[in-house]
Amino acid sequence: MKTVKYLFTIAGIVLFALAGCNDDEFLEEKPKSIYTIENAFDKSSQVEAQLTMCYIRLYGWYGKTSNPWTSTYQYKSFGTDVLDYPYWQHDGASGYSNFGTWSTTSGHVSLIWNELYQVISYANLTLLGTEIESISWTSEDYKRNLVAEARFFRGYSYLRLGELYGGVPIVDKFNEELKFDYERSTREQTYQFSIDELLYAYENLPDYPESDGRLGKGAAGHMLAEAYLALGVETGNSTHYTSAITYATATINLHPLMTSRFGVRANPDDASGNRNVATYLPEGNVFGDLFFPGNYDRSTGNTEAVWTFQTPTYEQADETGGQTGSEPMFFSFVARDLNWAPEYVEAGAAAGPWKAVSPKYNTATAPAYLGGFGISQARATDYALYHVWTDETDLRYREDVTVRTTYICTDPNHSMYEKKVPVYMLNQSPTNLSKFSPTFAKIIPLDEWSYRNTDNTHAGYSHDNYGIRSAETYLLLSEAYLRSNQKELAAEAINTVRRRAQCTVLYTAADIDINSILDERIRECLFEEGRWFTLLRMEPDVWKQRIYDHGMFIADYPRYNLPVRWNLWPIPQSIRDLNVGAEFPQNQGWE
């Protein structure tokens with residue numbers, strides 16, 4: 001397996017090098033007969049190309065892809081208390097929170113393992129290249145920054161592996177030879193290795209990167225806060241929570257929350273427009289502003305952006321043959337399949353509010369009035385969509401600004417035509433209702449201004465994505481204070497996020513607990529965080545109860561109620577089968 005990855009990488013290096021040569025130079029060159037670690041790199045640009053691959057691999061986690069149901073994004077949260085396959089789609093096979101379908105050969109188990117080790121492999125290649133003395137560098141600062149970024153990616157990857165799988169093999173150099181005798185470290189050792197890497201990154205990365213999308217000190221500080229929390233939970237050593245507080249605070253100081261409106265749609269004097277929609281959005285709010293295309297980067301004044309992933313525009317994608325994201329198609333409800341409740345069916349009208357579409361709406365961008373040209377490959381749980389939103393003043397759940405819960409009827413033959421249809425007017429059967437859901441402006445724009453593509457059968461639209469926002473850092477800080485038994489400070493940290501959302505209900509020291517923080521993570525970070533990473537670094541009793549109480553197939557549609565008999569994801573069986581030279585024990589509950 002390692003040799004295959006090595007050959008593919010070296011092949012990429014060869015092609016990269018040849019691309020920079022003209023035909024005459026190539027004909028006169030004496031080619032190297034064998035590529036080895038010692039002679040694979042000739043120039044610094046080839047080394048940086050390996051680091052770029054780390055960014056590219058993780059783009060699929062945050063930026064997503066135009067075919068997201070085969071990407072790693074879904075597996076970060078599917079089966080948790082926030083997200084799953086919709087009930088209607090897998091009525092027979094069920095969704096991810098039917099844990100009876102999980103096994104050591106499940107595709108999502110091996111996919112995330114392989115993706116993280118692929119990032120580690122590219123990071124190791126980058127570090128290898130920086131050690132070759134014959135390569136000249138434009139500056140030592142440039143070289144040191146590459147090393148810091150590569151070590152960040154190693155630290156990030158081992159933290160994620162430790163959270164999901166527990167102790168894993170620590171591979172800190174690139175291997176030319178096939179290796180069949182890897183040994184698992186402990187979970188504590190895995191976390192500590194991650195911390196050591198992230199500490200190096202924190203000390204050597206700039207406060208703010210020179211270009212948007214690159215790593216800065218705040219990204220390392222945020223991940224350090226999470227890693228120290230994980231190590232504290234694993235070991236019971238509360239001093240790690242103090243370290244988490246230190247690095248979360250440092251990140252927040254570098255990246256203060258946005259507390260007032262900003263960016264492309266916040267200027268009342270802006271009379272321009274896009275697709276015949278005025279740019280200025282008078283009913284907008286600061287939370288919604290965070291997610292408009294053009295507002296993601298620090299260069300736009302967004303201090304909250306700790307780490308962003310740039311998505312190419314349609315024009316750029318056409319030029320490069322690349323693809324853009326398609327969250328609207330992925331997360332939107334299946335409007336065309338939804339039926340009226342019997343008492344709202346009318347003679348001469350279609351069976352559902354959106355089963356017939358007048359010419360007026362058939363020529364519009366579907367998500368702008370329906371929330372997505374839906375195939376609904378994913379759906380949030382009822383808890384995440386409805387029940388967790390307990391404060392009526394919360395900006396993050398403001399109708400037609402940051403969320404849409406009702407959609408206009410498009411059937412001209414029904415009396416509700418061009419009126420908003422509430423959920424109670426729909427057939428209440430679980431299969432029908434599971435095709436319906438609110439849509440959130442952070443992933444699906446609620447008017448046509450944000451859309452680049454005019455074809456309403458293509459639900460994709462181009463925008464950047466956050467890897468880290470400092471609002472999440474505040475929630476890590478709140479957790480660290482809570483675990484340090486500093487409940488007043490824990491409440492203050494979470495309330496800082498809630499005040500920005502203009503919530504009227506704030507936490508006191510008496511009522512703050514881990515579930516308060518997990519609930520707030522849903523409100524603030526829904527569709528952004530990798531929920532499995534968050535849950536599995538918690539105590540098993542905490543995250544299992546969340547699944548039992550709020551998981552789609554256990555709580556929303558109570559068909560599967562078997563107890564969860566494991567605490568960690570299984571080690572992929574294919575990895576264990578290859579490792580014939582040493583013991584490679586399976587995680588408890590999967591033997």
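Data for the structure
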read-out: Filter pass, residue 188 being outside any loop (DSSP other than H, G, I, E, B), among the acidic types (Asp, Glu), modelled with pLDDT of 95 or more and within 16 Å of residue 228 (Cβ to Cβ); value: yes
read-out: Odd one out for residue 513, checked against (1) farther than 21 Å from residue 393 by Cα; (2) of a type in the set (Asp, Glu); (3) buried (at least 19 other Cβ atoms within 10 Å of the Cβ); value: (3)
read-out: Conditions (1) more than 19 Å from residue 143 (Cβ to Cβ); (2) in contact (Cβ under 8 Å) with a residue 60 or more places away in the chain; (3) open to solvent by less than 20 Å² (accessible area, probe 1.4 Å); (4) outside any helix (DSSP H, G or I): number failed by residue 171; value: (2)
read-out: Output for segment 124-140, where each listed residue is surrounded by 11 or more Cβ atoms within 10 Å (Cβ to Cβ) and not in a loop (DSSP other than H, G, I, E, B); value: 124, 125, 126, 127, 128, 129, 130
read-out: Condition met for residue 378 (at pLDDT 80 or above and under 30 Å from residue 517 (Cβ atoms)); value: no
read-out: Filter pass, residue 541 being without any contact (Cβ under 8 Å) to a residue 40 or more places away in the chain and in a helix (DSSP H, G or I); value: yes
read-out: Count of segment 429-443 residues which are farther than 17 Å from residue 528 by Cβ and of a type in the set (Phe, Trp, Tyr); value: 1
read-out: The one condition in (1) surrounded by fewer than 20 Cβ atoms within 10 Å (Cβ to Cβ); (2) assigned to a loop (DSSP other than H, G, I, E, B) that residue 431 fails to fulfil; value: (2)
read-out: Selection from segment 265-306 of residues that are over 24 Å from residue 466 (Cα atoms), surrounded by 13 or more Cβ atoms within 10 Å (Cβ to Cβ) and charged (D, E, K, R); value: 270, 275
read-out: Candidates 587, 567, filtered to the one that is at pLDDT 95 or above, out of contact with any His (no Cβ under 8 Å at 6 or more places or on another chain) and open to solvent by 40 Å² or more (accessible area, probe 1.4 Å); value: 567
read-out: Boolean, residue 231 is surrounded by 20 or more Cβ atoms within 10 Å (Cβ to Cβ) and in a loop (DSSP other than H, G, I, E, B); value: no
read-out: Which numbered condition residue 159 misses (of (1) under 21 Å from residue 248 (Cβ atoms); (2) open to solvent by 30 Å² or more (accessible area, probe 1.4 Å)); value: (2)
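Every residue, every condition in (1) out of contact with any Ser or Thr (no Cβ under 8 Å at 6 or more places or on another chain); (2) surrounded by fewer than 19 Cβ atoms within 10 Å (Cβ to Cβ); (3) in a helix (DSSP H, G or I), yes or no:
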position	(1), (2), (3)
208	yes, yes, no
211	yes, yes, no
222	no, no, yes
242	no, yes, yes
247	yes, no, yes
251	no, no, yes
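The values are calculated or read from the model by the stated rules, or taken from the named source; none is laboratory data. Note that the structure is predicted; figures quoted are calculated from it, not measured. Methodologically, a virtual Cβ is constructed for each residue, glycine included, from the backbone with ideal geometry; neighbour enumeration extends over all protein chains shown. Note: accessible area is taken over every heavy atom of the protein model, side chains too, but ligands, DNA and RNA are not part of it. Shrake-Rupley method; radii C 1.70, N 1.55, O 1.52, S 1.80 Å.
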